[in-house]
Structures are given as C-alpha cells and as structure tokens.
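Quick note: the coordinates plus some simple rules give every number you see, no bench work behind them. This is a predicted model, so every value here is computed, not measured. When we count neighbours, we look across all protein chains shown, and the Cβ atoms used for this are built from the backbone with ideal geometry, even at glycine.
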Amino acid sequence: MTADQNAVGKDQKAGDITWRDGDVPYSPHFGDIYFNPKDGLAETRYVFLEGNNLPNAWQHRENFAIGETGFGTGLNFLAAWQCWDSDANRSKRLHFVSVEKYPLTRNDMIRAHQSWPELSQYSKKLADIWPHETMLPGVHRFSLADGAISLTLLIGDAIECWSGYDGKIDCWFLDGFAPSRNPEMWHPDLFAALASASCPTGASLATYTAARIARDGLESAGFEINKRKGFGYKRDMITATLSAFEEADNKPPAFEIADDPWFNLPTPGNSKSVAIIGGGLAGASCADALNARGCFVTLFEKADQLANAASGNPIGMLEPYLTVDDAIMGRFYEAGYRFSHRKIKRLADQGQVEADFCGVIDLATSARKRERLDGLIARLGDKTDLVEALDANQASERFGLALPFGGVFYPSAGWVNPPSVVQAFASGIDIHLSRTITCIRDCDKGKCLTDENG
C-alpha cells in the first residue's frame, strides 16, 4: 500500500483518483482500479482486440471505427493504435470514439502510462496532444499519425453521449468500472444507444464481464451473445455481434441541393475529387481536411494570391467563445476553438505558422458584455486554467498599460497570422490562381465548373 492509497477524504470528488501499486490509478468514488495491475495490456489485447477479431476486421478497409464506453487511462486506445500501426493490411483511416465522464489530467495519464513501456512511442504522442487545461463536457477531437487516426473523446455521461452520437461504429469496446461498482452505466438505454450507433452492415462487441446485466442488456438491444473464456482467473467474458440492418432512406440523393437546415448531414458520397472555390481561411481549411482524407483537391482563387481578402489580415485573435451555459451551441464553439488551437499550435511549433499563444484579455466594455462575462465566470470561475476574472487594476497590470475596464483572461489564447495559416493548410493542394468560376452545373459524375474563359 502506498501513501497515495490512503489519501481518500470526504472532500474528494467523483473524478478524483489515488494510486495503488505504484502507477495504478484507483477511483475512491467507484471503489475500483482502472486496469489490471498484473497485466492490463495483455488483458486488453485478449478481451478487446481478439474479442473483436482485430486486426482482421479492419484489413483492406478504407475506414474503420471503434467505439468505447470508458476511455480511462487510454490503454485500450494505445493497444488498438499499436495493433493497427503494425498491420501492413490495416485500414487507411482509423477512428476511435470514446466516452469519459471524468477524464484524467495530463500528468495523471502520463504516470499511468509508465506501466506499459512497450507502448511508449504511442503514449508519448498521446500525451503531447492531451490538453493541459480542464476538458469541458462535449466533443474533443484529436488527430494523430499524420491524420490517419482520429481520436474523438465525448466528455460526459456514457448513455447521454452515445444516445446523441451520429456515426457508424464497426466494433465496440464495452469497458468501464465493473457493473457491481457502476451499475448506472450498464443500463438498457446504453445498449440501445450502442446498437443505434453501430454500422448498418453489422458490428461486433467485446467486454471483460459476463455479468447478467450486460448479457440481458445486449440481447434486448439486438446483439447476439457469445461466451468466451475470460482473461486470467476470470471464468467467462462476452463477445457479441449485431446483424446488418437497413437504414431509413429519407435523405436527399447525393449532389441534390437540399432545403434542409445547414446542420442536417448530407448523404455521404464516394467522390474522391473535390473542387473548392475560394482561397481564404475557409477554403484552405476544407482543402487541408479533405486532402488528409485521401481526396484529390483542386482549389480555385480569383485573385493572384491566396488569402487576398479578409483572410489576408496580418493579425487574428484565436480565443475561445465560452458561454454562460452548457448548451449545444456553446459546446460547438468550444470544440471548434480546441481543435483549431491544437492544430495551429502544432504548425507554429514546426515553424509553418506565425503565432504566439500569450493569452488574451477580453474587456467588459459595456453593461451587456459585463453581464455575459459575469455569467461565464459564475459557470467556470473555478477553472482558472481556462478563464480568469480580472478587475480593471488586474487587467492593467496583466496588460502592462492602464485599462479602463476589467474583464476576463484566456490563458491559452493568442494571436495568429492568417496568411501563414492559409499557406500551411494549402500546402500540397492543386491551386489555380486568377481563375474566376462563373458556372457550376450537374454532370453524370458530379459537378462541372466553368471559368470566365469558358
């Protein structure tokens, strides 16, 4: 027993951890450890990888998606990444989607990863992109392996997160604290949500437990259950399959201009050739994202250089728009900031983008602005790594000049040079300058573009 093991007090929160056997995190709230201290990596490989027929299941696929119900230390993700990386026949892209209600801090995750030195090359890369600041509820998207791997973390309750997920999962890692320790998660609503988020062509699932609550819940959601020898001393574990099902085809066909709201997702297409009109931040960002997904991108810009209009401003502020509540639009803004910040900071560290994340002061210049910032501090005032309240004197001292107002300070924010961002995003793209597109018409295979020269 370590000294850390005794540090359990009445003031501890649900997400707090202590340590056992050196580097094994333990949750006093759930009364359970995060992984098998004897051989957690071997158990992960046996239960989740072999239990889902990996690596065979993803071989020769364009995309493969894994869903998980408890990210924890990230052990399952690291093991899946290593397995995928060492497979010559792996899918072109791997998307790992996981839920975590109480994410570990970066330092705690690094400490836990010391238990698996054979995963060090992957755990180091995960630690490099893991946030230093508090992870708010919502979607957190990370890009790894030069864009070939996407890690999406849904911070929040597993049932709520998976019930609202619009995606196609090929296999499931049903993980989390034991059903006896956290029965609220192992609820019929969770299993129904997993079935709903599964790929229409079918999905597989594996879990370390054979508890009745898991068997009955999975069967009620339509999964076909199989028992398998458990890992180590465990007698049984569950593997399961979900048969193919037909999706309701009520979306407009590809290439049709729909009158649906912008947030309704269009029908996915198989096109690998995409034309983008406009060489500013929006156009270059789309080009970069599509290029990373294997599309051939052609970018047309009517001016004689990229970033010719508003995107040509020498300075732009990259700061979060945090809201006074936890509504969906606020989460959208927060997710956009986090993703942009990580991407631009990485490019800045590589010398491709001019930027400095020195922090930004947002002044309360009006009564309405003051009210909004006060509401923001009421929600997040205890998270000074994200936002800090400043009166006029504190703001003046922080800024170095006398300021007439107080406000808030965003420590992770800063300034960027937009033209350098556009140039970095457009690297490797087929670019046509001084080309004005005058007509877009439907063709047999998609769209045909006409410029001013016909």
Positive-end residue, the range 315-416 charge dipole about Cα centroid, Cβ charges, pick of Leu380, Ala348, Thr365: Ala348
Cut-off under 5 Å, modelled amide H: who pairs with Asp32 long-range: Ser27
Exposure proxy order (Cβ contacts within 10 Å, fewest to most) of Ser143, Ser123, Ser180, Ser27: Ser180, Ser143, Ser27, Ser123
Per-residue HN-Hα couplings for the range 194-211 [Karplus 6.51, -1.76, 1.60; θ = phi - 60°; Hz; x = Gly/Pro]: 5, 4, 5, 8, 7, 5, x, 7, x, 8, 10, 8, 9, 8, 6, 9, 10, 4
Packing-based exposure ordering (other Cβ within 10 Å, fewest first) of Arg90, Arg212, Arg370: Arg212, Arg370, Arg90
Relative contact order (percent, whole number), the range 311-454, Cα cutoff 8 Å, 6+ residue spacing: 30 percent
Cα-based reach from Lys369 at 23 Å (exclusive), listing lysines while leaving out same-chain residues under 8 positions away: Lys383
Exposure proxy ranking, count of Cβ atoms within 10 Å, fewest first, for Leu194, Leu376, Leu449, Leu363: Leu449, Leu363, Leu376, Leu194
Whole-Hz couplings from phi, Karplus 6.51/-1.76/1.60, listed for the range 438-454; x for Gly and Pro: 9, 8, 10, 10, 6, 10, 4, 10, x, 10, 10, 10, 10, 9, 5, 8, x
Proximal lysine pairs, the range 4-242, alpha carbons under 21 Å, eight or more residues apart or interchain: 6
Relative contact order (percent, whole number), the chain, Cα cutoff 8 Å, 6+ residue spacing: 12 percent
Dipole moment magnitude, nearest 20 debye, the range 1-125 about Cα centre, only Lys, Arg, Asp, Glu C-beta charged: 360 debye
Cut-off under 5 Å, modelled amide H: who pairs with Ile276 long-range: Thr298, Leu299, Phe300
Centre separation in Å (Cα based) which lies between the range 381-454 and the range 168-205: 38 Å
Listed residue (Val99, Phe223, Ser196) projecting farthest to the positive dipole end of the chain, Cβ model: Phe223
Charged-residue dipole, Cβ positions (Lys, Arg, Asp, Glu), the chain about Cα centre, Debye nearest 20: 640 debye
Cα pair count fraction exceeding 21 Å, expressed as % - the range 4-242: 55 percent
Cα-centred dipole magnitude for the range 279-326, charges only on beta-carbon of K, R (+1) and D, E (-1), debye, nearest 20: 280 debye
Enclosed volume per residue, in Å³, of the convex hull spanned by Cα atoms of the chain: 184 Å³
Under 21 Å from Lys445, Cα to Cα: lysines that are on another chain or at least 8 residues apart: Lys251, Lys272
Karplus-derived HN-Hα couplings along the range 81-98 (A = 6.51, B = -1.76, C = 1.60, θ = phi - 60°), whole Hz, x at Gly and Pro: 4, 4, 4, 5, 5, 8, 9, 5, 9, 5, 5, 5, 9, 10, 10, 10, 10, 9
